[in-house]
Amino acid sequence: MTQITLKPITEDNLSELWSVSYGPKADLEWMNWDGPYFQDPVLTWEDFRSGFGKNCLDNPLRKAIYADDRLVGIVTAYWEDNDLHQWLDFGIAIYDPNLWNRGVGSQAIRQWLTYLFAQEPTIQRIGYTTWSGNHRMMKLGEKLGMLKEAQIRKVRFWQGEYYDSVKYGILREEWLHN
């Protein structure tokens, strides 16, 4: 079984994170599943370092995913309700398609949710949003015991087709007994 660990994103691994996510040798297939309807650009090193990467440095709501000591992805979290800090959602990206459907994401999210609930002892729920075209992310939520809490129909337009936005969540007491 692959050993999954979550590590802080620091100056030491920031260029490696860019390399596996956007660099010249990166497999950009992940961008077809991570909200492709937003049509986010492929970030240059300079744009990554000064924008997304800068926001990741030593940020407790961002961790690098390592599979057998190789950086393969990222987990994130953000406050949906901004300064109220009661509504926490997360995200995940595994950049190497060869690792999809191998339990890497579910192992990483198990660790991430356990960490987030421990770090934020007052929040009662953690969730995420995906789209109906991303069957792997929908299965991930079900595998982890999360509930589909909302399905907003036909609001994501991608490649000439409308998809639903789908929200999953889990309560603290459900996670602790999961």
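Annotations for the structure displayed:
- For first residues located in the range 97-111 and assigned to a helix (DSSP H, G or I), partners that are of a type in the set (Lys, Arg) and lie 6+ apart or on another chain with Cβ distances below 8 Å form the pairs GLY105/ARG136; SER106/LYS143.
- Residue within the range 93-107 that is out of contact with any Gly (no Cβ under 8 Å at 6 or more places or on another chain), farther than 21 Å from THR5 by Cα and surrounded by 12 or more Cβ atoms within 10 Å (Cβ to Cβ) present: no
- Extreme residue, nearest to the chain's Cα centre (by Cα), among residues of the range 26-60 that are part of a helix (DSSP H, G or I) and among the aromatic types (Phe, Trp, Tyr): TRP30
- On the stretch given as the range 132-178, residues that are part of a loop (DSSP other than H, G, I, E, B), in contact with a Phe, Trp or Tyr (Cβ under 7 Å, 6 or more places away or on another chain) and exposed (fewer than 13 other Cβ atoms within 10 Å of the Cβ) total 0.
- Qualifying residue in the range 51-69 (condition: surrounded by 19 or more Cβ atoms within 10 Å (Cβ to Cβ), among the small types (Gly, Ala, Ser), under 23 Å from ASN134 (Cα atoms) and touching a residue at least 12 places away in the same chain (Cβ under 8 Å)): yes
- The lone exception for GLN124 - which of (1) within 12 Å of the chain's Cα centre (by Cα); (2) within 23 Å of ASN178 (Cα to Cα) it fails: (1)
- Flag not set for TYR78, criterion: buried (at least 17 other Cβ atoms within 10 Å of the Cβ), in a strand (DSSP E or B) and of a type in the set (Phe, Trp, Tyr).
No value in this document is a laboratory result; all are computed from the given coordinates. Worth saying up front: this structure is predicted, and the values here are computed from it rather than measured. In this analysis, Cβ positions are derived from the backbone assuming ideal geometry, glycine residues included, and neighbour counts consider all displayed protein chains.
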